[in-house]
Structures are given as C-alpha cells and as structure tokens.
Amino acid sequence: MSENETVVNITVNGQPVEAKPGEWVIAAAERAGVYIPHFCYHPRMNSVGMCRMCIVDIDAGRGPALQPSCMVEVSEGMVVDTTSEQTRKAQDGVLEFLLLNHPLDCPVCDKGGECPLQDQTMAYGPGESRFVEEKRHFEKPIPVNDLVYLDRERCILCDRCTRFADEVAGDPLITFQDRGDQTQVNTFPDLPFSSYFSGNTVQICPVGALTAVPYRFKARPWDLTEVESTYPNPMGDRVVVQASRDQVLRYQGVDSDAVNWGWLTDKDRFAFEATASELRLHTPLVRGTPLGRLDPGGSELVETSWGQALSMAADAIKAAAADKGPQSVAVLGGARLTNEDQYAWARLAKGVIGTDHVDAQLDDGLPAEGVLSLPRATINRACTPGGTVILMAPDPKEEQGTLYLRLRHAIVNDGVQLIELTPRATGLSHLAAFRLHHRPGEAAAVAAALMGGDIEAGPDGDIGGAPVSAVAAAAAAIADRADQPLTVVLGRPSLAEPADFTMDAVAELVRFANLLSAGGRPGIAFLPALHRGNVLGALDMGLAPGLLPGRITLADGGPALAEAWGSVPSNPGADARGILQAAANGQIDVLILLGADPLGDFPRRELADEALSRVGTIVASDLFLNPSTVRAHIVFPAAGFAERRGTHTNLEGRITVQRQVVTPPGTARADWAIATELARQLGADFGFGAPEDVWDEITRVAPSHRNLSMEAIDASEDGVVAADSSIAFTPPDHATPVPHVDAYSLRLVAARRMYDRGTLPQHAPSLAGLAPTAVLAVNPYDFDRVGVEPGADVQVISNAGEMDMPVVADPGVPRGTAAFGYNYPDLDVRDLVDPDAMVTDLRIQTR
Amino acid sequence: MARLNANSLGVAQEIIARYPVPRSALIPLLHLAQEQDGYVTEDAMAHIAELVGVTPAEVMGTCSFYEMLKREPVGEYMVNICNGISCHLLGSSDLIHHAEATLGVRPGGTTDDGKITLEAVECIAACTEAPCLQVNYRYRNRVTADDFDQLVSELRDDTAKVASHGQLARVRQHISDDRRAGVSPPDGQGEPAWLARNPSDNGDGS
C-alpha cells in the first residue's frame, strides 16, 4: 500500500482489519483471513450480487443488517460479523434456494470434489431439502463451442461465465436468455461461443455446469497431483499443471497479479493433450534402412541408443569443425526450451564448438540485439492507469492472448489510451483511442510524426496511410499524457515484409524518447511481443548471433566469458536467414535444430528446403517429428513442458519456475542434459548434474542475471524481473525505402492466427480442428476497384506465385491492403511472398 | 424470413439516430422486426445486432426477456384473455374455457387458419373493466361469451379493424434531422465524451 493511500479501519468477527478505501467487504475479510462463502463474486470481475451467498451481518453505524459483502464497500468503523446466528440462517436459506433446481448429480459430475456448491453446502447448508416438486429440466449438456459443454440444469445463474465473456474477453456470445423462472445461459442459435478464452469459464464456474471437452470424465480432483508452473508462452502465464497416473490432464490458470490474472487462452489451456500424443518421440533416431539397420544414407529413421546417437552427432560436429572450421556448424531454434536448456546449448555452440551461427528466431521475429537494447517495460507498467500504450505488433488477441486480456482491462477500466500503429485492425481496435492503420511497411513515418516529428502529409495526402488529422490528434494525446508511462508493445506486425520496417519505426520512437523522459518523467519502454514459447529467454541466454548469455554482445562480453567457458567465437555469426543461405551454398556441414521447423516456419520455404538438402548432417532435438526433423540424420527425443524442471523468461524479462509433474516419454531427456552430454563427447565437461547447476552458472556468468538466485525466484509469487541490459540501441544506418504500390494492386499483410498448423495444436485433438480455412480479407470499398465480388473464389497473383482462395470483405483491413493468415493449415502464404522484395503486392482476378 | 427489409431498414436507421448510443435502440428495433414479420425472426435479431453493434446473443438475451416479443410465428391476431384476480373473480376462467371450445386451441395455440393465437395472461391493468382481453394489445372490456363470439367472427372476416400483430401505433414517430441525438449538441457545449467520435475514423470503416 503506498503512503498516500489512507486506511479504512473495520472490525471483522471482533478482529480489527485495515482495509483499502473502496474495497469490498468480502475482499477485505478475505485478506484478513476470514473466508466469506460466495459463488458469483470473482475478484477480477465486477460484483453483481447475483448469488446472495455472501450476505453477512454488516453494521455501518445503523445496526447490523444482512447485506451482500461483495456489493458493500468498507467504511470507517464498520463492524462485520460472518458468524452470527442471523448470517448462518441466511446462508442456510440461500443454499436451500440455490439447490432447488440443482440436480445433485454429483456422483457423475466432473466438478465433484472441487465444487464450491458442494463444499459450501457441506459447510453452511441445510443438509436436507424441503423441496419436493419437480425440478427444472433442460437438455443435458449442450456444446456451447467445440471445447466447452454446458449443463443448464446444474447452473446456479451466478453470471460468472457471461460476465467473463462480456467484461474480460469482450466476446459476449453467451448471455442469459428467457429471464424469469426459465432463465438459462445460452448462445444465439447456431452461433457458438467462439472465443479464444472460453476455457476460463470452465475454470471459474462454481458448479459443474460448464465442463471442458478434453477433461470430461478423465479424472477426479482427489486423484490429481499438481505443481505450480509457468506455461511456456511469451507471456509466461502462471499455471497449475495437474496430472494423474503420470499423464497431464489439465492446466488451470493461476492468478498472478503481475502476469495473467488467472486467465489462459484455450490454445494454451488445452495444448496439454499434445504431451501424451502417441506421436511423441521417445527414443533417439538415426538414419537407417527400412529393416532397421544403421545406414548414414538410409531412407528411414531407425531407433538407436543414446550413446550411439550422441557419438554420431559428436563425430559429425568434430569432422565439420576439422574440415571447414567451427563456423560450418549452425544452431537454429531453441525458443521453446527452458533458460537452462538454452544456456547449455549456447555454451555448447559458442564455448565448445566455437560457432556463432546460432539463432533462436527463424527470421519471423525482430533482431535480437535490437530487442535487448530497448528499455524493457512490465505488463503492469503498460497497464498503469492513465498511461499510454502504442501497439506496434501483430494482433495480441491472436498471438498473445493473456496480454490482450490485460490490455483490454486496462483500456476499459483504467483509462489507458491505446494508440494502434498497425497495418490492419486488431482485436483491440474498437477500444483504441486512435487507430493509425498505416500502409504495410510505412510505420516509421507515422511513428516519427507521432513522437514529435513534423506532422506533414506525404505524397498520398496522408502520413504513411494514416489520416494527418488523426496522427496530429494522437501526437497531442501522447504529449498530454507525457507524465504517465508510455509503453510500446513491439512485434513483427506482418511477416510479408522484413523486420527492417519495424526497426525503422523503433528508431523513430527511440529518437524522440528523450523528450518524453525529460524532467523525471517515466518515458518510454517496450514490451517485445515476439512469437514462440521462451523466445525472450533464448535471447537472454545468447541463442542469437553476436550475443552471449546475459544480454551482452560478443565484443563486450567475450573476454569475461572466455575465462569461464575457455573460449568464445571471435566473429559474430549469421542470423537464421544467413545460416540457411550459407547452408544452401554448401558452407554448413552440421545443422542443429532445437525444436525448430524451418520448413514450416521460415518465411522463405524454398531457401529452407535447399538448405536442408545441402547440409551434411542435420541433428534435431524435438518433441515430435516435423517436416524438417523428418529429414534429420540424428534426432534426440526431448522432454517437454511438465516433464522437466527449469526457468522461463517472459516478455517482461520476468523469470519464473517451471516444475515437473510427469516423466518424459521413453528415454527422452531434458535439452540441457542432451547438450551437456554432447559437450562431454566433444571433450568439454560442463559439470551440470541438474538444472539448478545450470542456473547457478548462469547467475555467475550472465551479467543481466547476476544475483538472481533460484531461491529468490522460487520464493517470489510473481518471479523476478531481469531488467538490466548492457546493449545500447543502434539505429539502422538508413531507413529502408518503401516501394510505391500501383493502383491495381493490394499490398499484403500476413500475420498469425491463434489456431494454426503449429506443432502443439496439431497434436492436441481438441484444437486440431479449430484452425480456420484460408481467406483473403479486403476492405469492402476495394471490391469495386479490383473488380470482384465479396465471397467469390478468386485467383491471387504476386511476383512469387499464385493461388486460389475465397476473398471476403473485412472493414478492419485498410483500403489498398489485403490481409492473409501466415499459418493457415490449408494454404501457405509463403507461396505468394516474394523473398527478394521488401513488400508483396497482390493482383486479384476472377477465375 | 428475414432480416429487416429495405423499408424497415430505413425506419431502423431513423430509430437508431434518436439515441446517443446505438444499442439503446435495441427494443424499438425488436418491435420493428416484429411489425415486419409478425414475430422476431432469428435473422432479424442477427441483423439488429449488426445495426446496433452488439452480438446476436445479446439481442437474444433482451428479446427473450419480453413476453410480447414473439420468437415463433403467431396468428394474425393475438387474443390475450386476462386471468388476473379481478377478471378471475368475474369469470375469466369461464371465458377462457369458452374461447378454447370456440377456437379449438389451448392457450398458447394458434387456430388452423392462422388467424388467432389464444393466450391467457396475467393482469393487464384494466381491473375496473373485468373481465377483459386484448386483441393485438388493443383492449376489449367487460367481455361476455357473446362478445367473444362476435369478436371472433369479426376477426375471421377482417372487419374488426385491429392493427396487425406487431404494429404498435398507426402513427410513426418522426424526429426531424436537427433534433436527432448526436447530430447537434445543445448550444454552447461540445460533444459530450460518450458521443465523441474517434478522430481516426475516416468514414470508410478502416
């Protein structure tokens, strides 16, 4: 509690309690350790007083009276009695009412054993019902979407799921219908609750009315073992992982005040199904004949021992280094690993093998050095009441679900103003104070004008595609709130263009940032919304060219680290694009893929294909075979989330722990152990016996992670934020010019959708079918110009190729732009993107 | 069946313009849809959702609360016989039985010719005129069995001069342009905050 906040003194059950002004009685009591039973109250949503379970005796000066404690604010001198005879009778009565229409089918209900209604009936209820009439009947569970079932007979109408859908997720697709004695929660007919966040309603349902398809009838709560952990997404959502009989069965969100507030996206929540997939790798694989004999040129992958696979990998690396030097070995990927795994691989690559051709991003993120050089924000800073957020990233609703929820809450409830600087509308557009939708590639012009540069119309009569008046108004709004924090959510808004355009815009933001931070003002900070699990950890751990663990460049950190490691590469290596280019040119002999699929993810598929066919030995460490690893020569089965211990770094730099609850399949090992073993075969002893040993070394050698002891991270509820960076921002030498778009073309924006052809969702049966089919989205006003009808199947032609797809009208796409998903399962946008052009222009014609 | 037709859509836009916040027009628009089709179709609800910027589920939530908004087809004439206490004491139960026998339907049912839907309803606030009923929400007072038979025959040959189901009034409210909400704020005031348009809206929806 900050100093200027006053305290409200109340008495709860005879004990003095210091409450915060404006706090609900139920919350103040809970903080003081007095639990008041409730169903509808949820600390992250508005109180509605629907269930009446929390009524207690409250005396605010006019004598005790029964009042709902979730609707009454604390006041000075208030006396609360939660144990009075009157309260007890009221709770008894409320429960009897709530149970009138409840079917009491607890023996066949998934919620049994962890059901608030069950628990509170035991603790406070009448024990016997006087109701002998017929109960309400509804059709037993009906699907409200593909993942969630609704049993309306069990529902006690607490309004939690409907409030969540409306207030938190912003998808009010379930509502109360037929209000009266037939009130029910339902969707509009044939319009499912197609929210990315629907699984949260299952978690917060206080009865068994909402159940999740992947968990239905799988386990009883008392059979579950659980650990608190961190989901490996860039937000680092805190979760409880629950397992039974050595199988992960459920993730539940944990209310971490700094991060996810208890929410999870459905994609993350139900991805647990993939951990138990039969397609998981469980034994090392090497090339062999169809009959299973080892054969380096064999057409099949055959099972072998760890010793065999490791020594073959070590031999290949030794041979490559002896033949063409260490730079003929390259490492791609690693963003899905723990910090410890990443550090061990980084040390193996850079300290033992001696190559700096290492990149965790597959040319689909932002330059590592650029990201690490920017002042880092926290999510809470972005959500500071009255602050400003500039969104210069792909749609957070599609890529960073829980960040979307936090930002949405901040905008709706805390007066945060959102300035959207994106090439198309996002899930937050309707809440944005200013929507500055620039032409693809032209963010820098808008950024410069926004941050204090000249506000002058360009040759098209606008600023990079955004109306001059809107940019001017937004610039004024930023200046108005200069005494509040300005946070930039930074990512790669379109994969149809290189990151250069985004970094040009960042340079403009940084150039003017001094104006904002003058006079002790909070200034500007960045939240890097990059894609893929622990990608921020990978950058911190040095899985990027030119970087070493601890956010330091090879040049600055090399000498110090050479003492600890023995040696470091002398010259900076290439990024993913450079590595694959070199491989395609025959300069890479060994390519190590750490949970990476260049064929599936790298923006230039032909280059990745060429590279994989030229590399002598491909070594992969992965959970599944993917299109790239299936072409590997040596495959190590890796332990995945919930199968290993370690730490995770989120987009804030927040380090939290991941814990193990099940054993890995077969002989799969954690990546740090694979790297350590491979290093031993190459003659280096890391001395790591456990992930804690690795972390211990990280805190000794990584400058940004000094003193971040495992004890401190483990003890803190929200983890520890590593904030320091020794890298200074270097603006690009010159701005990348944007080619002019001709009058008959539409410029392409390609960004990821939530459900895609990614490894985890495709191996989780409940999620695999959710990926949308490919459509091209075009502004309704552009149809006349390009001469097609909305909904028509059209031929889309670019310099690089052509494909057939339906075209739909989407007012969220600015005129002159066409939007396409990057990762549709059916059509691959990379067939359209011209790898050598800075932008991709499309022609559309009827077939 | 259907979304709002061109005519209704014009009226709908006029109705929406009366309110500073579009979703306030929800209930008037539901009446409009009922006036068009005799009941509120799902397509009309979806259309209204688009018009006022809410989800179809929210429209359904509102629509399903109100008894007078029908979500299933009803007859040309809704005959609602009051079964409140005053009417009950003065014989409305007998009247309902008589109506059932005459029309051959139970309350809630519609006659085979699609003319009449019979309903027994709670107090319709005409206790001094008990027993009373409504035809498409137009009152008939102190109704006897003979009165009822007379009414039914008039309804059947369309001589009863009752507006069709869904039509609330014969005269439609019209508000001139200069008095519409959001168009001209009161003198001396800027637009209130909840009216302020997004300055980045450039009119093409982008």
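Some points to look at:
- Relative contact order of the range B:77-156, pairs being alpha-carbon contacts under 8 Å that are 6 or more residues apart, as %: 39
- Value of relative contact order over the range A:131-276, rounded to a whole percent, pairs C-alpha under 8 Å and six or more apart: 18
- All Cα pairs of the range B:77-156, percent lying beyond 22 Å: 11
- Acute angle (nearest 10 degrees) that the helix A:500-511 long axis makes with the longest principal axis of chain A, alpha-carbon atoms: 70
- Backbone HN-Hα couplings from phi across the range A:706-717 [Karplus 6.51/-1.76/1.60, Hz, Gly and Pro as x]: 4, 6, 8, 6, 4, 4, 5, 5, 5, 6, 8, 4
- Computed over chain A: relative contact order in percent, which uses C-alpha pairs under 8 Å that are six or more apart: 12
- C-alpha center-to-center spacing [the range A:139-171, the range A:777-847] in angstrom: 37
- Qualifying trypsin sites (Lys or Arg not before Pro) for the range A:112-160 [loop in DSSP, other Cβ within 10 Å: at most 13]: A:ARG130, A:LYS135
- The ranking of A:SER229, A:SER305, A:SER244 by Cβ neighbour count inside 10 Å, starting from the fewest, reads A:SER305, A:SER244, A:SER229.
- Of the GluC sites (Glu not before Pro) found in the range B:30-104, those that fall in a DSSP loop while having at most 15 other beta-carbon atoms within 10 Å are B:GLU67.
- Evaluated with a Cβ-only charge set (Lys, Arg +1; Asp, Glu -1), the protein assembly as shown carries a dipole of roughly 620 debye about its Cα centre, given to the nearest 20.
- Cα centroid separation, the range A:343-407 to the range A:225-271 (Å): 21
- Applying both filters, DSSP loop and at most 13 other Cβ atoms within 10 Å, to the GluC sites (Glu not before Pro) of the range A:429-515 gives A:GLU456.
- Partner chain coverage, peptide A:461-470 - average Cβ within 10 angstrom: 2
- By the beta-carbon count within 10 Å of each Cβ, the least crowded to most crowded order of A:ASP589, A:ASP622, fewest first, is A:ASP589, A:ASP622.
- Sum of -39500 (n - 2.57) over DSSP H runs of 4+, divided by residues of chain A (222 nm, nearest 500): -7000 deg cm²/dmol
- Taken over the Cα atoms of the range B:1-141, the convex hull encloses 117 Å³ per residue.
- Listing A:TYR781, A:TYR231, B:TYR66 from fewest to most neighbouring C-beta atoms within 10 Å gives B:TYR66, A:TYR781, A:TYR231.
- Alpha carbon Rg of chain A, scaled by the compact-globule rule 2.2 N^0.38 Å: 0.99
- In terms of Cα atoms, the Rg and Dmax of the range A:550-612 work out to 14.6, 41 Å.
- Unmatched cysteines, chain A - criterion: no other Cβ of a Cys under 4.7 angstrom: A:CYS54, A:CYS70, A:CYS106, A:CYS109, A:CYS115, A:CYS155, A:CYS161, A:CYS205, A:CYS383
- Angle between chain A longest axis and helix A:306-324 axis [Cα atoms, degrees, rounded to 10]: 40
- For chain A, the longest principal axis of the Cα atoms and the long axis of helix A:691-701 meet at an angle of about 70 degrees.
Values quoted throughout were computed directly from the atomic coordinates according to the rules given, and no laboratory measurement underlies them. Just so it is clear, the structure is predicted and the values come from calculations on it, not from any experiment. Glycine gets a Cβ as well: all are built from the backbone with ideal geometry, and neighbour counts include every protein chain shown.
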